[in-house]
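**Q** Would you mind keeping the following structure in view while I ask a few things?
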Amino acid sequence: MPAKEKACKYCKAKKPIETMVQINLAWYCDWNHGVEHGKELAAKSRERATRKADKRIERKRIDAKAANRLRKKEIMTRREWYDKLQVLVNQYVVHVRDKDKGCCTCGKTDPSVKYDAGHLYTRASRPDIRFELTNIHKQCSVNCNQHGSGMRVEYEAFIVKTYGITHLEWLQERKPNLKVQFKHWSDIENEIIIYRALLRSFGVKPNV
């Protein structure tokens, strides 16, 4: 009757069982193979433990960064949030919507001229419509917006010509204040996200 054989757990070679050694229910060619197999198992166990520890550290790092970003957002003032949104709204008006148009008050289209996003009703006088796009148009930065103080008469004529007299009257009416329009800072952030995506869709890199 042939001797019963077992495969070595370490080298996989089959040998008669009476020539092998048994360690923790596993069979090996000899003690050296048992020791080497034990070393391999220990090394794999350390690797698994290291990977798990690294993943835990990475999760904590990501969680810490996310928490830090949230804290920074929460301590931002409404003015800071509004200013951030205004940069993007202005960028959209000048570099996307009115990109190929001239100044709304003098019609100048000189590419060497610097243009602003000019408000018919200033942010200080009418904060309720500071982000209303029909209140903002491409305008010469120096001649019309600064030296001309916004060219109010010409700007109103432009609004009437572009949107009609009833729209000018609508702009003149008081709207809900910004705290009503944006009840929470996250509402302003959502608007910022929308404008960033809009700018990128036109190949324009958002300034903030």
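Just so it is clear, none of the values below were taken in a lab; they were calculated from the coordinates. What you see is a predicted model, and the numbers here were worked out from it, not measured in a lab. With ideal geometry, Cβ positions are generated from the backbone for all residues, glycine too; neighbour counts draw on all protein chains shown.
**Q** Give me the number: length gained by fully extending Arg123 to Val21, i.e. 0.36 nm times residue separation minus the C-alpha to C-alpha distance, one decimal in nm.
**A** Working: separation 102, 0.36 × 102 = 36.72 nm, distance 8.74 nm.
Computed gain between Arg123 and Val21 is 28.0 nm.
**Q** Per-residue ellipticity at 222 nm for the chain, helices alone: DSSP H runs ≥ 4 residues times -39500 (n - 2.57), over residue total, nearest 500 deg cm²/dmol? Write down the numbers at each step before the final one.
**A** Details: 6 runs with 101 residues, N = 208.
Estimated from H runs of four or more residues: -16500 deg cm²/dmol.
**Q** Quick check on the exposure proxy: order Leu88, Leu70, Leu25 from fewest to most C-beta atoms within 10 angstrom.
**A** On the way: Leu88 22, Leu70 10, Leu25 6.
In order of increasing Cβ crowding within 10 Å: Leu25, Leu70, Leu88.
**Q** I would also like to ask the following. In degrees, nearest 10, range 0 to 90: what is the angle between the Cα axis of helix 185-201 and the longest Cα principal axis of the chain?
**A** 90
**Q** For the chain, take the longest principal axis of its alpha carbons; what is the angle in degrees between that and the long axis of helix 78-92, to the nearest 10 within 0 to 90?
**A** It is inclined by approximately 80 degrees.
**Q** Here's another thing I want to ask about it. Of (1) 18; (2) 5; (3) 48, which is the value of percent of Cα pairs over 33 Å apart derived from the coordinates here?
**A** Correct label is (3).
**Q** Sum up the charges of everything whose Cβ sits under 14 Å from the Cβ of Gly38, counting Lys and Arg as +1 and Asp and Glu as -1, but leave Gly38 out. Each step should come with its number before you reach the end.
**A** Values: positive: Lys9, Lys39, Lys44, Arg46; negative: Asp30, Glu36, Glu40.
Net charge around Gly38: +1.
**Q** Would you mind checking region 3-17 for residues with the amide N under 18 Å from a putative spin-label position 7 Å along Cα→C-beta of Asp30?
**A** 6-17
**Q** Which listed residue (Ile136, Asn177, Asn190) has the Cα farthest towards the positive end of the charge dipole for the chain, taking +1 on Lys and Arg C-beta and -1 on Asp and Glu C-beta about the Cα centre?
**A** Asn190
**Q** For the Cα atoms of the chain, what angle does the longest principal axis make with the long axis of helix 31-75, in degrees from 0 to 90, nearest 10?
**A** On a 0 to 90 degree scale, this one is about 20.
**Q** Another question, then. For Ala197 and Lys73, calculate 0.36 nm times their separation in residues minus their Cα-Cα distance, and state this gained length in nm to one decimal. Intermediate results must be reported in sequence, preceding the final value.
**A** Details: separation 124, 0.36 × 124 = 44.64 nm, distance 1.95 nm.
Between Ala197 and Lys73, full extension yields 42.7 nm more.
**Q** Among the listed pairs Lys101/Lys161; Lys12/Lys39; Lys99/Lys183; Lys72/Lys205; Lys14/Lys39, which have their C-alpha atoms separated by more than 25 angstrom in this model? Before the final figure, lay out each step's value.
**A** On the way: Lys101/Lys161 15 Å; Lys12/Lys39 16 Å; Lys99/Lys183 32 Å; Lys72/Lys205 23 Å; Lys14/Lys39 21 Å.
Going by Cα-Cα distance, Lys99/Lys183 fall outside the 25 Å limit.
**Q** Counting other C-beta atoms within 10 Å, which of Tyr155, Tyr163, Tyr115 has the fewest, and how do the rest follow? Provide the component values of the computation, followed by the final result.
**A** Details: Tyr155 23, Tyr163 13, Tyr115 26.
Ranked by crowding around the Cβ, least crowded first: Tyr163, Tyr155, Tyr115.
**Q** What does the extension gain come out to for Val113 and Lys12, with contour length at 0.36 nm per residue minus their alpha carbon separation? Walk me through the numbers on the way to the answer.
**A** Details: separation 101, 0.36 × 101 = 36.36 nm, distance 8.12 nm.
Computed gain between Val113 and Lys12 is 28.2 nm.
**Q** Note down the nm distance, to one decimal, between modelled labels 7 Å out along Cα→Cβ at Asp54 and at Tyr163.
**A** So the two model labels end up 5.7 nm from each other.
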